[in-house]
Amino acid sequence: MHHNFLFDLDQTLLDFHASERKALEIIAVKNGLGFSEDVYKHFKAFNKSLWLDLEKGIITRQELFLSRFSELFEYCGGDSSGVDLLEVNNDFIRTMSVNGVLMDGALEFVKKLKNEIPLSRIYIASNGATVNAKGRIASTGLDEFIDGLFISEDMGVTKPSEDFFDICFEKIGEPKEACIMVGDSLSSDMLGAQNASIDSVWFMPSGDIEKSMKEYDIDYCASSFDELFDILKRWSGEV
């Protein structure tokens with residue numbers, strides 16, 4: 001039996017915000033919109049609220065894609081009436097996909113995980129667009145160490161749904177007890193692990209950590225890749 005590590009992608013292994021900001025600036029300029037730090041902060045906050053709505057099943061992926069760029073044009077004072085917002089979104093995703101940025105120390109961490117923990121397998125379990133995820137993974141060299149990808153767009157379900165994790169377990173082909181979820185999001189990664197009844201590591205925790213650990217039944221917290229490696233090594237010896 002293997003040690004199956006399910007990693008969230010963004011703000012866990014890849015710096016989503018760095019890629020997002022770079023791509024948004026390119027897309028805004030291409031569409032004649034002004035770009036500034038305030039524009040990016042507004043987009044980031046609105047986009048995050050949309051993804052939370054998607055996780056709750058309130059909106060669809062297409063509604064998310066349309067809404068975030070409709071809002072961007074409105075915020076920047078642009079006219080989107082004759083614009084194909086889905087194509088703008090697709091262009092944004094393509095631009096992000098070739099601009100992957102690693103979290104500091106992430107590549108060294110996954111290499112160490114593979115080399116020093118026998119029978120380890122690394123999976124990506126991520127909500128998002130497949131082209132975006134695969135492109136950024138490949139552009140950073142992470143793909144050399146990944147054993148499989150579970151991307152919500154391909155699967156038709158999103159974290160924190162139990163169905164998402166059931167598909168993961170079926171593809172992995174080993175008991176869920178041999179799997180552990182690592183991620184930064186309470187509402188997606190930690191709630192997902194709780195729904196799926198698997199162990200979890202909350203990476204880069206913030207806020208009321210003790211309260212959140214109890215609410216989401218979180219097993220471990222790690223504030224650095226060194227700390228995360230020690231936790232996963234210890235967990236692997238117990239499985």
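The values are calculated or read from the model by the stated rules, or taken from the named source; none is laboratory data. Source: prediction; values computed, not measured. FYI the Cβ positions are ideal-geometry reconstructions off the backbone, even for glycines, and counts take in every protein chain you see.
Quick notes on this one:
- Which listed residue, of Phe35, Phe92, Phe7, Phe73, is surrounded by 15 or more Cβ atoms within 10 Å (Cβ to Cβ) and assigned by TED's automatic domain parsing to the domain that holds Ala222: Phe7
- Check on Asp15, in contact (Cβ under 8 Å) with a residue 60 or more places away in the chain, in contact with a strand residue (DSSP E or B) (Cβ under 9 Å, 6 or more places away or on another chain) and charged (D, E, K, R): yes
- When the residues of the stretch 159-204 are filtered to those that are acidic (Asp, Glu) and free of Cβ contacts under 8 Å to residues at least 12 places away in the same chain, the one that is surrounded by the most Cβ atoms within 10 Å (Cβ to Cβ) is Asp163.
- Checking every residue in the stretch 147-162 against the condition of being modelled with pLDDT of 95 or more and over 21 Å from Trp51 (Cα atoms) gives at least one match.
- Qualifying positions in the stretch 116-132 - modelled with pLDDT under 95 and part of a helix (DSSP H, G or I): Thr130, Val131, Asn132
- Residues that are hydroxyl-bearing (Ser, Thr, Tyr) and either in contact (Cβ under 8 Å) with a residue 60 or more places away in the chain or within 26 Å of Met1 (Cα to Cα) (or both), drawn from the stretch 120-151: Ser120, Tyr123, Ser126, Thr140
- Residue check for Leu52: among the aliphatic types (A, V, I, L, M) and either closer than 30 Å to Ile231 by Cα or without any contact (Cβ under 8 Å) to a residue 12 or more places away in the chain (or both): yes
- Residue that is nearest to Thr130 (Cα to Cα), among those in the stretch 149-179 that are of a type in the set (Val, Ile, Thr) and in contact with a helix residue (DSSP H, G or I) (Cβ under 6 Å, 6 or more places away or on another chain): Ile151
- Residue count, the stretch 185-239 (criterion: of a type outside the set (Lys, Arg) and assigned to a helix (DSSP H, G or I)): 28
- So Arg68, is it in contact (Cβ under 8 Å) with a residue 24 or more places away in the chain, of a type outside the set (S, T, N, Q) and either within 25 Å of Ser187 (Cβ to Cβ) or surrounded by 15 or more Cβ atoms within 10 Å (Cβ to Cβ) (or both): yes
- For the stretch 149-165, a residue qualifies if it is assigned to a loop (DSSP other than H, G, I, E, B) and not aliphatic (A, V, I, L, M), and the qualifying residues are Gly156, Thr158, Lys159, Pro160, Ser161.
- Top-ranked residue of the stretch 46-63 - restricted to ones that are over 15 Å from Ser161 (Cβ atoms) and within 16 Å of the chain's Cα centre (by Cα), ranked as surrounded by the fewest Cβ atoms within 10 Å (Cβ to Cβ): Lys48
- Meets criteria (aliphatic (A, V, I, L, M) and over 25 Å from Asp53 (Cβ atoms)) for Leu232: yes
- Residue, farthest from Val39 (Cα to Cα), within the stretch 76-89, restricted to residues that are of a type in the set (Gly, Ala, Ser) and surrounded by fewer than 18 Cβ atoms within 10 Å (Cβ to Cβ): Gly82
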